[in-house]
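Asks: Let me begin by handing over the structure; questions about it come next.
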Amino acid sequence: MPREKSAAGPAALVLTATVARRYYFDGASKSDIAAEFDLSRFKVARLLDEARASGLVRIELDYRGEINLDLSARLSTALDLRHCVVIASPEDDHALLRSNLGRAGAGLLAEILKADDVLGLAWARTLMEMRRALTRLVPCAVVQMTGALSRPDVDESSIELVRDVARISGGPASFFYAPMILPDAATARALRTQPEIARAISRFPDITTAVVGLGAWQQGQSTVADAVPERERHQLHELGVRAETSGILLDADGKSVTAPLTERIIGIDAEQLRAVPEVIAIVYGTSKADAVRAAVRGGIVTSLVTHTSMATELLERG
């Protein structure tokens, strides 16, 4: 019978530790270490691999800031995201959580936006917080992507959002005064022909980066779901609607669902949003995990700003 491989002796352990220290602590190259200890470069690489496999060397991301780097990196890989920022924040205070997410979203946007970009903004309370946190932005055009949808606990609309962000940027703003949901399709069609609305809609194909909110199709989990009558909300659920972003209805796989409500909405449509190269969703609440997966799976969302428990939930769902 073949003899079991024996544990490394003290000389081998010391050599492995010394090589690992030279490589990881001192920054020596594998070639330099090989010459220093009269080893082949292959042997040095093998010793480094063994040091990590045995636990002699442990590599950790240790960042004491607000961003959870480990969860951000793991979730980005798991969902194949272009950008992923997961923050560590108290989660029982939704107002504080929205503020912290808005600050993280502002930091990401200020970092990645370029002067020749066209920024599209939907309406969400997290985006309002992002606007409050923005202190700088490259000059760029800013486009309103949806009509206004008011909430009793929020005084500001998408119009103020777009104008304020454009003011910070110093670029032109395309905004319009119109509700997001109209009582009937005919009224919505007529409004889309109004000059200021038509001008904003004509800019939708130019948008290169968009920031959106994301809701689950449940009462209290989506501003749009809350804005329609209960009977219509249930009917849309029966049609397969499980998520919503910017008034776009999505099923569990992220495919857009066309319904009578779709024709009553003033805003960007699913095809136009999918064509935007970078779509950042700022999302909170683990009850929206399936909605996040749907939006990513359907190619609607390319980047994510969220919090620890949401990231953990998404990773556990695989």
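The values are calculated or read from the model by the stated rules, or taken from the named source; none is laboratory data. Bear in mind that the values here come from a model prediction, so they are computed numbers and not experimental data. Glycine gets a Cβ as well: all are built from the backbone with ideal geometry, and neighbour counts include every protein chain shown.
Residue by residue, here is whether (1) under 30 Å from T286 (Cα atoms); (2) assigned by TED's automatic domain parsing to the domain that holds G298; (3) among the hydrophobic types (A, V, I, L, M, F, W, C); (4) surrounded by 16 or more Cβ atoms within 10 Å (Cβ to Cβ) holds:
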{"position": "M145", "(1), (2), (3), (4)": "yes, yes, yes, yes"}
{"position": "S158", "(1), (2), (3), (4)": "yes, yes, no, yes"}
{"position": "F204", "(1), (2), (3), (4)": "no, yes, yes, yes"}
{"position": "V211", "(1), (2), (3), (4)": "yes, yes, yes, yes"}
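Asks: With the requirement that a residue be part of a loop (DSSP other than H, G, I, E, B) and surrounded by fewer than 21 Cβ atoms within 10 Å (Cβ to Cβ), what does segment 214-241 give you?
Replies: Q218, Q219, G220, Q221, V228, P229, L239, G240
Asks: Can you tell me which of T262, T258, T208 is of a type in the set (S, T, N, Q) and touching a residue at least 40 places away in the same chain (Cβ under 8 Å)?
Replies: Checking each option against the conditions leaves just T208.
Asks: Here's a follow-up. Within the set of pairs 6 or more residues apart or between chains, which connect a residue that is in the same structural domain as V165 (by TED's automatic domain parsing) and of a type in the set (V, I, T) inside segment 116-141 to a residue that is part of a strand (DSSP E or B) and modelled with pLDDT of 90 or more with Cβ atoms less than 6 Å apart?
Replies: If the second residue must be part of a strand (DSSP E or B) and modelled with pLDDT of 90 or more, the pairs left are V118/A141; T126/I282.
Asks: If you check A289, A281, which single one turns out to be in a helix (DSSP H, G or I), of a type in the set (G, A, S) and buried (at least 20 other Cβ atoms within 10 Å of the Cβ)?
Replies: A289
Asks: Now a separate question. Please enumerate the residues belonging to segment 128-148 that are assigned to a helix (DSSP H, G or I), within 18 Å of the chain's Cα centre (by Cα) and either among the basic types (K, R) or under 13 Å from R163 (Cα atoms) (or both).
Replies: Within segment 128-148, M128, R131 meet the criteria.
Asks: Please state which one of A51, A45, A35 is surrounded by 17 or more Cβ atoms within 10 Å (Cβ to Cβ) and either over 33 Å from the mean Cα position of the chain (by Cα) or over 30 Å from S303 (Cβ atoms) (or both).
Replies: It is A51.
Asks: Being assigned to a loop (DSSP other than H, G, I, E, B) and either in contact with a Cys (Cβ under 8 Å, 6 or more places away or on another chain) or more than 20 Å from H83 (Cα to Cα) (or both) is the filter here, so list the residues in segment 247-278 that pass it.
Replies: G247, D251, A252, D253, K255, V257, T258, A259, R264, I266, I268, D269
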